[in-house]
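Laboratory data are not the source of any read-out in this text; all were calculated from the coordinates shown. Nothing here was measured: the structure is a model prediction, and the numbers come from that model. Note that we place each Cβ from the backbone using ideal geometry, even for glycine, and neighbour counts take in every protein chain shown.
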Amino acid sequence: MASAASASTALSPAAGAGAAASDESFDGLVPGYSIRLLGPRNARNIPTMKFIDDIVAFLKEESCTTETLLQALTTMHGKYKMMESAMLSNRQRMQAKQPEIERSLAAVRRLQKAKAEDATLDTTFNISDNVFARADVPPTETVCLWLGVNVLVEYPLDEAEAMLAESLQQVKDKEAIYDEDLRLVREQAITTEVNLSRSFNHDVQERRRAKSG
Amino acid sequence: MYNPVPLRPSEVEVDIPVRWEDQKQINEFGGLNNRRVELRAKVDSLKKQLTDLEDAEEAVLMAEDDGENPAVMVAIGESFVTEDDDAVTAFVEAETERVKTALDDADAELTRIADRMGELKKALYGRFGKAIHLENDDDDE
């Protein structure tokens, strides 16, 4: 049974890309089962799915039935799908923030430009829904930023610009992390799906053999 | 938006074993497929932005003809700022350039993805035949 050893060590290297190198304390058990189906977790504790190289050898090694394996795989598939949809909505929220910050940044930069040129801005601004008023904005040193939780803080233009640029970068960084996790989770879901359908096929063949034998 | 790549319970008696290298190809195919869906949405939104900018360019030209200048306002942040002719033209040009570059990048990536997916399709169908299904319902190619 040479393949038995490879079955237990056949972790997905693709998943390893984002996975922490030292995750040895992780037992790899599927929650609620005593089957070691999971491989190293990444920095956000997302476990990878093992690719079952040889189903017969894997079942023997984990001493479990095909039925339990199918149940454990189905559980993990559900978990990956749940993670996927949670991440999708998180990422969407992150993406929605981006144009908001970009608009603020453009406004602050326009004020900076006006200050540099010592020019007065002729603006038409929204004072209420569908109501606009005109205002001349003389060169200004400061601008107020809405920080949320009912707090408005006045900053020098350059500081305001730096702050907005930083939060824009933060949003982009977070989005990149969600992208990476999403890719990882979807990959694990596909591996789980393939494991599932192969285990299912194995189950069918087993039953058929039992019937005919 | 997510299109799984399921293996059909094989109807054929001969079961082709799935190797780790096959699994990696299936995963790569699935990942590319997702990326393609995202890129297509991005391309649509960029194309709309480009049309809007073309409209803006035309509107600026018309305002010039009417001698209404400098009555063109540019939406910055939540308010409108009256800008002079040159500034508006420069603004529209810079935005058009930015959107075009993004569109070209997205198109180039889509082409790369289509090429790679074609390769993977060939390899996977070659190995698994009818036991694997790699088509999208919304595929128009």
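What net charge do the residues around A:GLU166 carry, taking every other residue with its C-beta under 13 Å from that of A:GLU166, with Lys and Arg at +1 and Asp and Glu at -1? Please list the in-between numbers first.
Working: positive: A:LYS172, A:LYS174; negative: A:ASP158, A:GLU159, A:GLU161, A:ASP173.
Around A:GLU166, the surrounding residues sum to -2.
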Listed residues A:GLY148, A:GLY39, A:GLY28, most fluctuating in chain A (Gaussian network, C-alpha, under 10 Å): A:GLY148
Amide H of A:THR140: which non-local residues (sequence gap of 5 or more, or other chain) have their own amide H closer than 5 Å, using H built in the peptide plane? A:LYS115
Of A:LYS115/A:LYS172; B:LYS24/B:LYS122; A:LYS172/B:LYS42; A:LYS79/B:LYS24; A:LYS97/B:LYS100; A:LYS113/A:LYS172, pairs whose Cα-Cα distance is over 18 Å: A:LYS115/A:LYS172; A:LYS79/B:LYS24; A:LYS97/B:LYS100; A:LYS113/A:LYS172
Considering every Cα-Cα pair within the protein assembly as shown, what fraction, in whole percent, is farther apart than 38 Å? 40 percent
Which number do you get for Rg(Cα) / (2.2 N^0.38 Å) in region A:80-121? 1.98
In Å, the Kirkwood hydrodynamic radius from C-alpha pairs for region A:95-175 sits at 13.9 Å
Take every Cα-Cα pair in region B:20-126 and report what % of them are more than 24 Å apart. 48 percent
Tally Lys/Arg at +1 and Asp/Glu at -1 over every other residue whose Cβ is under 14 Å from the Cβ of A:ARG103; what's the total? -2
Modelling each spin label as a point 7 Å along the Cα-to-Cβ direction, I'd like the A:THR74/A:CYS144 distance in nm, to one decimal. 5.9 nm
Amide H of A:MET49: which non-local residues (sequence gap of 5 or more, or other chain) have their own amide H closer than 5 Å, using H built in the peptide plane? A:GLY39
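Mind ranking A:129-136, A:46-53, A:31-38 by how tightly packed they are, going by the mean number of other C-beta atoms within 10 angstrom, highest first?
Descending mean neighbour count gives A:46-53, A:31-38, A:129-136.
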For B:GLU119, the net charge from surrounding residues (Cβ-Cβ under 12 Å; K, R +1; D, E -1) works out to +2
Structure-based [θ]222 nm, chain A - -39500 (n - 2.57) summed over DSSP H runs of at least 4, per residue, nearest 500: -21000 deg cm²/dmol
